[in-house]
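First the structure, in the form of structure tokens, and then the observations on it.
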Amino acid sequence: MEILLPYRSDPRLLFQVIEYAKGKGIERTALEARLGGGEPLRETLNALEQLGLIDREDGAEIRLTEDGRRLAYATGDDERRAELARAIVRYPPYGVVLERALAEGLSVVDAPWVERVWQVDMRLGQPRNRVEEARTFFFRLADEAGLGVFRRGVRGQASRLVLAPDLSSRLQALRAEASAQPDERPATKLAPTLAVPSPPQRWPVPAEAGVSLTVTVDMSLWELEKIEAFLRLIGLVPAERRA
């Protein structure tokens, strides 16, 4: 799925669509009759799809995914916040920002910092107007999930997200959960190239009998092409056949 940062929507609209899509789903035309059409609904559906909460059949029928159903049928505010936080962390542009903030020891992330992560580190290549509004949407959604507190910029200050004190432990719990139950959904195109600080990777390299070799390499900032070339070099990926 192409990364198209959600913007021009709000958490209230997201939850309305999720509520209407309970059960067997809802047709796009029926949803427009209830909520109105136009850009707000279009971008709300994009946000839900990017977050892995809905599937769209030919753009006409909207159905909840398994994650969407857990959020839709959450009992109580705490469970709803937990399910929304899970969806936020799994979405690369949001999850990377939160992980990077913790890695850098930040307690607050502001709009320019988030833009740098998205546009420079992750190379999302989003239009400037979309990035500006997408940051606000991300801050509001994170606030809704209890991952931080959104502070709108005033008097020359940039908009920012004050990170929750327990963010580190919550992300650690979600990572442990993901390791115990791997996500079976297809990864986005961006996933292999995320510039997320990570420990060096180690691979046993195939070798002749009696010889072993371990290679330790930090590939957290590498391009996908560079990673593939390195894996071919050490024999973990077959070399390309030449005509």
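Yes or no, residue by residue, for (1) loosely packed, with under 12 Cβ neighbours inside 10 Å; (2) in contact with a helix residue (DSSP H, G or I) (Cβ under 6 Å, 6 or more places away or on another chain); (3) modelled with pLDDT of 70 or more:
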{"residue": "148", "(1), (2), (3)": "no, yes, yes"}
{"residue": "157", "(1), (2), (3)": "yes, no, yes"}
{"residue": "182", "(1), (2), (3)": "yes, no, no"}
{"residue": "226", "(1), (2), (3)": "no, no, no"}
>> Here is a list: 97, 114, 109. Which entry is of a type in the set (A, V, I, L, M), closer than 24 Å to residue 82 by Cβ and part of a strand (DSSP E or B)?
In response: 109
> Within the group 3, 18, which residue is in contact with a Leu (Cβ under 8 Å, 6 or more places away or on another chain), hydrophobic (A, V, I, L, M, F, W, C) and at pLDDT 95 or above?
Replying inline: 18
>> Going through 148, 153 one at a time, which residue ends up being farther than 18 Å from residue 167 by Cβ and either in contact with a strand residue (DSSP E or B) (Cβ under 9 Å, 6 or more places away or on another chain) or without any contact (Cβ under 8 Å) to a residue 24 or more places away in the chain (or both)?
In response: 153
>> Filter the stretch 61-83 down to the residues that are under 26 Å from residue 33 (Cα atoms), acidic (Asp, Glu) and either touching a helix residue (DSSP H, G or I) at 6+ places or on another chain (Cβ under 9 Å) or part of a strand (DSSP E or B) (or both) and list them by number.
In response: 61, 67
> Can we say residue 131 is outside any loop (DSSP other than H, G, I, E, B), in contact with an Asp or Glu (Cβ under 7 Å, 6 or more places away or on another chain) and either closer than 15 Å to residue 5 by Cβ or modelled with pLDDT of 60 or more (or both)?
Replying inline: yes
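The values are calculated or read from the model by the stated rules, or taken from the named source; none is laboratory data. In this text the structure is predicted, and so the values were computed from the model without any measurement. Positions of Cβ are generated from backbone atoms using ideal geometry, with glycine treated the same way; all protein chains shown enter the neighbour counts.
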